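Asks: I'd like to ask you about the structure that follows.
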Amino acid sequence: MAMLMCRHAFLYKLNYMEHNMKILSYILLIVLLVLGVSFAGLNASPVTINYYIGARELPLSLLLVMFFAFGCVLGLLVGLSMYLRMRSKNYRLSNRIKLAEKEVSNLRNMPLQDNR
């Protein structure tokens, strides 16, 4: 009975902590949103971007957000390629382990021969 109550208290505490984490994440999201809006307001001055074909004027905040998003996408692509490479290597190594375990199993089941 004491074990059941201890488990119930643990689950209650775990649920309470998850609830607090959700509230904390919402507060953090609101703070980041307010900071982002104030950042956009402070950096609303237009900036001329010259590229090979022409030129364009964009707000500085939009330009910074675009380059930040580009960096995030680039980082995700690099991370995805590393993840896929490691997953492929993991698959090959697990196949080698299965083959080695099968070989060991076959060797254990092989009858011993006496050369006398």
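No lab work stands behind these numbers, since they all come straight from the coordinates. Bear in mind the structure is a predicted one, so any value in this text is a computation, not a measurement. Positions of Cβ are backbone-derived with ideal geometry, glycine not excepted, and every protein chain shown enters the neighbour counts.
Asks: Which value in deg cm²/dmol, rounded to the nearest 500, describes the helix-derived mean residue ellipticity at 222 nm for the chain, given -39,500 (n - 2.57) per DSSP H run of n ≥ 4 and division by the residue count?
Replies: -29000 deg cm²/dmol
Asks: Please give me the summed charge of the neighbours of Leu63: other residues whose Cβ is under 13 Å from its Cβ, Lys and Arg +1, Asp and Glu -1.
Replies: 0
Asks: Would you kindly compute the Cα radius of gyration of region 52-94 and its largest Cα-Cα separation (Dmax), both in Å?
Replies: That works out to 17.7, 54 Å for Rg and Dmax.
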